[in-house]
Amino acid sequence: MPRTIVAICCGLLALGAGCERTGAPTGPALDAQLRQDIARWGVIPIGPMPAQPAALVDLGQALMFDKILSGNRDVACATCHHPSTHEGDGLSLSIGTGGTGLGPSRTLGPGRQFVRRNAPSLLNDGLGLSYLFWDGRITRFGNSFNGGPPQGLPGGQPDVLSAQAMLPVLDRREMRGEPGDHDVFGAPNELAAIADSDSAAVWRAIMQRVLAIPEYAAMFHRAFPDFPTIGLPELRFQQAAQALAAFQMSALTKTDSPFDRYLDHDDAALTVQEKRGASLFFGKALCSTCHNGPLLGGTGFANAGVPQLGPGTPESPPLDRGRGDLPTQNFYQFAFRVAPLRNVELTAPYMHDGAFPTLEAVLRHYNDVPLALQTYDASQLEPALRASYHGDAATIDSVIRALDFRLRTPLHLTDDELSDVVAFLKSLTDPSARDLSALVPAAVPSGLPVPR
């Protein structure tokens, strides 16, 4: 189990009003003030990730890169969360089953649509995040809305990461496919033929595929030796999800950035510019009113005035109201999970729909959110997405009316100050996260091509 992250006190937001100051100290005074600012926002060093069983990690790595989990046998978890793109896919909106290519060059297949949201990086997701998915429908506080787990999710998962791994295989655009689909060998897609309401049948069908492969049966036996037999119904997709989570915890935890070393009392770990940017982040720029705690985010939701684009959700097409589309959460209109920021330099494009290609573009948006939303330039999007931008006055007005109170007035940051904040954000990068190519296996037990 990953170390539990210290909860952020509700009163932290009230500190934002006192953060702005007219000038920043230098030298030792800068470090003293900065450390005081950091401490007040609950930012503490992250402890080591507990070791995961090797057999479980090996199984999880194989499943992560194996297209057998998808209905058409043409897309793996790693297709949208690939080491070459730092555990995202480099796209604004992901392209699931039916697509071709990998990373930013991936293209839609005939008759297919974009996945509704950006594929967030999996880096550090095993560190005890409070919420997963952009709308936070998986939470370590019960995974429950209206009294039951989302999409029929079974209870008893040991952590939010393994709970999250249960859901992408159910999504038709991401992995499962559409009724009438045939897989890459021309065989009918039996997963797509199952009713959307019968999640358990989809998970059983996937496990039947997987356990029919002798190498996988042996890997499950090594990973779960306490099971008396290796087969159905003893083994369920919950065990596959636990293996996927163990691989992520073991391989994708990256917490040795310059900022981490600064937290460990190395004053020389950050440059003067990075320290100036940190002072702005935890002060005048108000970033830490949302991005706080050990992971600098991941503990709450906000309507940040992000431009609307893409196909939208089934609940409110063509718009995506985020948290507001969940039962009992409709007061959170256009609100999405506040993203954790560690290694953020590596995980462009940004926001729930990848509306911004660079950190600079994100910060210019935050500098004056109402103006930035009203003047958004869709040409910064991939050409295939530009026509799906919803820039009509009614949509913009709806987003602005529900805008988070902290973003209603301009920050008035200068160009130099914006550059300083970008420099600080880049100090959150663990150098070992820059090249993850060693995580790609040479082959997977199904024999299907490994995404490369």
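Of the residues in segment 245-261, none is of a type in the set (A, V, I, L, M), open to solvent by less than 20 Å² (accessible area, probe 1.4 Å) and without any contact (Cβ under 8 Å) to a residue 60 or more places away in the chain.
Can you say whether A240 is in contact (Cβ under 8 Å) with a residue 60 or more places away in the chain and either at positive phi or not in a loop (DSSP other than H, G, I, E, B) (or both), as far as the supplied structure shows? Yes. Just one of the listed residues (D416, D420) is in a helix (DSSP H, G or I), open to solvent by 30 Å² or more (accessible area, probe 1.4 Å), farther than 29 Å from P317 by Cα and out of contact with any strand residue (DSSP E or B) (no Cβ under 6 Å at 6 or more places or on another chain), namely D416.
For segment 401-413, filtering for residues that are touching a Pro at 6+ places or on another chain (Cβ under 9 Å) and open to solvent by less than 40 Å² (accessible area, probe 1.4 Å) leaves 2.
From the list S121, S70, the lone residue that is among the polar types (S, T, N, Q), under 16 Å from A165 (Cα atoms) and either open to solvent by 10 Å² or more (accessible area, probe 1.4 Å) or at pLDDT below 95 (or both) is S121. Restricting attention to segment 423-452, the residues that are more than 30 Å from A304 (Cα to Cα), of a type outside the set (S, T, N, Q) and open to solvent by 60 Å² or more (accessible area, probe 1.4 Å) add up to 7. Of the residues M207, M219, the single one that is in contact with a helix residue (DSSP H, G or I) (Cβ under 6 Å, 6 or more places away or on another chain), surrounded by 15 or more Cβ atoms within 10 Å (Cβ to Cβ), farther than 18 Å from S70 by Cα and at pLDDT 95 or above is M219. Taking (1) surrounded by fewer than 20 Cβ atoms within 10 Å (Cβ to Cβ); (2) within 30 Å of L428 (Cα to Cα); (3) touching a Gly at 6+ places or on another chain (Cβ under 6 Å); (4) not acidic (D, E) in turn, A339 satisfies each apart from (1). Out of everything in segment 348-393 that is assigned to a helix (DSSP H, G or I) and of a type in the set (S, T, Y), what residue ends up being least open to solvent (accessible area, probe 1.4 Å)? Once the filter is applied, the top-ranked residue is S388.
Residue-wise test of (1) part of a loop (DSSP other than H, G, I, E, B); (2) open to solvent by 20 Å² or more (accessible area, probe 1.4 Å); (3) modelled with pLDDT of 95 or more; (4) in contact with a strand residue (DSSP E or B) (Cβ under 7 Å, 6 or more places away or on another chain).
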residue: H291; (1), (2), (3), (4): yes, yes, yes, no
residue: G305; (1), (2), (3), (4): yes, no, yes, no
residue: G312; (1), (2), (3), (4): yes, no, yes, no
residue: F331; (1), (2), (3), (4): yes, yes, no, no
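Among the residues of segment 271-284, those that are open to solvent by 10 Å² or more (accessible area, probe 1.4 Å) and part of a loop (DSSP other than H, G, I, E, B) comprise T271, K284. Evaluate the following for V362: is it at pLDDT 95 or above, β-branched (V, I, T), closer than 26 Å to D392 by Cβ and under 17 Å from the mean Cα position of the chain (by Cα)? Criteria met by V362. The number of residues in segment 25-44 that are surrounded by 13 or more Cβ atoms within 10 Å (Cβ to Cβ) and in contact (Cβ under 8 Å) with a residue 12 or more places away in the chain comes to 11. One residue alone among D226, D183 is under 29 Å from the mean Cα position of the chain (by Cα) and among the charged types (D, E, K, R), and that residue is D183. Scanning segment 73-114 for residues that are in contact with a His (Cβ under 7 Å, 6 or more places away or on another chain), surrounded by fewer than 24 Cβ atoms within 10 Å (Cβ to Cβ) and in contact (Cβ under 8 Å) with a residue 40 or more places away in the chain yields G88, L102.
Among the residues of segment 155-200, the ones that are part of a helix (DSSP H, G or I) and exposed (fewer than 14 other Cβ atoms within 10 Å of the Cβ) come to 1 in all.
The values are calculated or read from the model by the stated rules, or taken from the named source; none is laboratory data. For clarity, every value in this text was computed on a predicted model and none was experimentally measured. Please note: Cβ atoms are built from the backbone with ideal geometry, for glycine as well, and neighbour counts cover all protein chains shown. These area figures cover heavy atoms from the full protein model, side chains too; ligands, DNA and RNA do not enter into them. Shrake-Rupley method; radii C 1.70, N 1.55, O 1.52, S 1.80 Å.
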